[in-house]
Amino acid sequence: MVLVASPNPGLRRRCRAALRGTSSLQEVTTRAALERSMAHLKPAVLLLDIDLPMLDGVGGVRAIHHLSPPTKIVLLTSTLDEKEGLSALKAGARGYCQKDTESALLKKAVQMVRKGEIWAGRNLIPHLLEELTSLTERRREAPPGDRDSRLDRLTPREREIAHLIGGGASNKEIASRLNVTEGTVKAHLTAIFRKIGLSGRLQLALFVAEHMRLTR
């Protein structure tokens, strides 16, 4: 199920048109209604309008994400901004796109994040690489005994899944490789995020990729 959170009837109408026949869809227009729906419905995907009243912009994404960690959030904004997009992904969003995105692309964005992928414009890639470089430098400056302590908090299976995420595998690919259900993979990811102190898949992928670079 896809949940659309927006006070804009035109945007909600475009979302309905884009997803007609592919997903059940529900709509909310306030943050209070969004919080209730996230807690009770646990939607697969949330299309979140950055202008939702009381959301507090990107700052509200993390709080909304914590209400239902398995839900994939796609933040919808009027104008793409690299800093805003990177902040949204670091806060737990899985996608970042414009409100006026064509129906076919919006449908594809929902499909991709549902499969465990990240949806963002190419202009964000250099900033993601910069973030990875920054993480690498901070880890190199840390005492050797402190560098991998967070990974030590994970069970062997959780570490295996974390390394597969670092290698770019989707939830479906991980489930197939480990012979488990996608629901099991999602449950493990929720535990991994909590134990390591990360807010989403992107941060985990960057963290693990940087760890792998340091230990080669």
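Looking at region 1-78, what strands (runs of 3 or more DSSP E) fall wholly within it and have at least 1 residues that are under 17 Å from residue 102 (Cβ atoms)?
The strands (runs of 3 or more DSSP E) meeting that bar are 2-5, 45-49, 72-77.
Keeping to region 45-85, report how many residues are open to solvent by 10 Å² or more (accessible area, probe 1.4 Å) and among the aliphatic types (A, V, I, L, M).
The qualifying residues number 6.
Does region 152-190 hold any residues that are open to solvent by less than 70 Å² (accessible area, probe 1.4 Å) and β-branched (Val, Ile, Thr), and which are they?
Residues satisfying the conditions are 155, 161, 165, 174, 180, 184, 185, 190.
So, of the residues in region 102-116 that are modelled with pLDDT under 90, of a type outside the set (A, V, I, L, M) and at negative phi, which turns out to be surrounded by the fewest Cβ atoms within 10 Å (Cβ to Cβ)?
Taking the candidates together, the pick is 115.
The values are calculated or read from the model by the stated rules, or taken from the named source; none is laboratory data. Every value quoted in this text rests on a predicted model; they were computed, and no experiment measured them. Here the Cβ is made from the backbone with ideal geometry for all residues, glycine too, and neighbour counts use every protein chain on show. Keep in mind that these areas ignore ligands, DNA and RNA; they rest on the heavy atoms of the full protein, side chains included. Shrake-Rupley method; radii C 1.70, N 1.55, O 1.52, S 1.80 Å.
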